[in-house]
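The structure appears right after this line, and notes come after that.
The values are calculated or read from the model by the stated rules, or taken from the named source; none is laboratory data. Remember, predicted model here, so these are calculated numbers, not experimental data. FYI the Cβ positions are ideal-geometry reconstructions off the backbone, even for glycines, and counts take in every protein chain you see. Heavy atoms of the whole protein, side chains included, go into the accessibility calculation; ligands, DNA and RNA do not. Shrake-Rupley method; radii C 1.70, N 1.55, O 1.52, S 1.80 Å.
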Amino acid sequence: MPGTDGLRVFVTRRIPAAGLDKVVDECDAEVWDEPLPPSREVLLEKIAGCDGVLTLLTEKVDAEFMDAAGSQLKVISNFAVGFNNIDVPEATRRGIRVGNTPGVLTDATADLAFALLISAARRIIEGNQYVRADRWKTWEPLGHIGQDLCGKTLGIVGMGRIGFALAKRCRGGWDMQVLYHDKHRNEAAEKELDALQVDFDTLLAESDFVSVHTDLNEETHGMFDAAAFAKMKKTAVFVNSARGPIQNQRDLCDALRNGEIFAAGLDVTDPEPVRADDPLVELPNCVLVPHVGSATVSSRNGMAEIAADNLLAGLRGQPLRHWLNPPQ
Ligand code: DGY
């Protein structure tokens, strides 16, 4: 097997040992060991002369990044399934291999999407704050009323692995009807979950829960804007565990504040982290968590292993385990 000895790599943050140990054992690796990412300036200095870089979604990997690394750069291994932070066509043009980490975070992310859905529908965070603020004085027949889940309609935008996993939970556990909007037909979802492919407007109008699982690209950027929220039911719950810029945050805020939709559950914001003065932070009908969809032991270990294997394979000139730009 071709070796990786002496090949230089930069790892932009400490990742689980399940992957990091392999990288450190097999190459000349520098690991950024701070809790916050390196500044752009420092990042570009650190990657100069590297043969491989293991990146996170916090790093913008563009032509400037690749120029700064130099023409010996062989592989960019992203510790994420999403790769909107990477200019993959530019990497392909330069012959740089790019890898990601799909599969291992599907269940964890679907679970988190469901947690957001039920928390927003049943006002769990509001209730928790109410109790902690010592405002619970009696049982209230008209208080804390939320939305039912059983037998409702779930609209999935982006019926890939994670969308399917959420739909499976909601169909199997809560007998929901499943609608989906996707460029591609998902026959397994139609067969196993009786899911129905519909256009975007139909999904918005008919769903009680709308959950976003598409990738971020030019078409999906800002697709949840004022016009989209206006088409949703006033009782609807919006969930986004994909990427923040898919929602127009100001429009979402207005829709939540004006009662155009019932509530939202967000694992992702635009920008990230959400700004402390963003009005979303103050809205009681918005559940916010800090991009933790894949934050379970097995998911993060799995991501680390795949990211390390992708990196090492790229350094050796071998096919990546999950290769975003294989030769056509
Ligand atoms: C991903 O993998 O793309 C998530 O957003 C982070 O785990």
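Observations on the structure shown:
- Surface composition of the chain: carbon plus sulfur atoms hold 51% of the accessible area, using a 1.4 angstrom probe and ignoring ligands, DNA and RNA.
- Spacing of the modelled spin labels on F200 and R94, each 7 Å from Cα toward Cβ, amounts to 3.2 nm.
- Charge dipole of the chain about the Cα centre (unit charges at C-beta), most positive-ward option of S211, G143, N258: G143
- Counting only the Cα atoms, the range 1-75 fills a convex hull of 91 Å³ per residue.
- F262 accessible area, 1.4 Å probe, all protein chains in place, Å² to nearest 10: 50 Å²
- For the range 217-285 and the range 154-208, distance of Cα centres in Å: 20 Å
- Taking every DSSP beta bridge that has both ends in the chain, the antiparallel portion is near 5%.
- Taking the chain as a Gaussian network of alpha-carbon nodes connected by springs under 10 Å, the highest mean-square fluctuation of the residues G314, G151, G244 belongs to G151.
- Cβ-defined net charge surrounding Q72, 12 Å radius [Lys, Arg +1; Asp, Glu -1]: +2
- Projected label distance in nm at N128 and A230, using a 7 Å step from Cα toward the beta-carbon: 3.5 nm
- Calculated log₁₀ intensity ratio I(q)/I(0) where the Debye formula runs over C-alpha points of the range 106-288, q = 0.19 Å⁻¹: -1.30
- Charged-residue dipole, Cβ positions (Lys, Arg, Asp, Glu), the chain about Cα centre, Debye nearest 20: 580 debye
- For the chain, the fraction of C-alpha pairs more than 29 angstrom apart is 43%.
- Cβ charges +1 (Lys, Arg) and -1 (Asp, Glu), total dipole of the range 106-288, debye: 540 debye
- Electrostatic dipole magnitude of the range 64-159 [Cβ: Lys, Arg +1; Asp, Glu -1; Cα centre; debye, to 20]: 100 debye
- Probe 1.4 Å, accessible area per residue of the chain, Å²: 48 Å²
- Ordering of 177-186, 133-142, 35-44, 93-102 by packing [mean C-beta count within 10 Å, highest first]: 93-102, 177-186, 35-44, 133-142
- Efficiency of FRET between D5 and E218 - r from beta-carbon atoms, R0 45 angstrom, step 0.05: 0.60
- Extension gain from E34 to E272, taking 0.36 nm per residue of separation minus the Cα-Cα distance: 83.9 nm
- Nearby lysines by direct alpha-carbon distance to K46 (threshold 26 angstrom, same-chain neighbours under 8 apart not counted): K22, K60, K74
- Cβ-based charge dipole, the range 106-288, positive-most Cα from P284, Q129, S241: Q129
- In the chain, a dipole from Cβ-located charges (positive for Lys and Arg, negative for Asp and Glu) runs towards its positive end, and of G19, L193, L315 it is L193 whose Cα lies farthest in that direction.
- For the residues M223, M66, a 1.4 Å probe over the protein chains yields an accessible-area ranking, largest first, of M223, M66.
- Taking the inverse of the mean 1/r over every pair of distinct Cα atoms in the range 254-328 gives a Kirkwood hydrodynamic radius of 15.7 Å.
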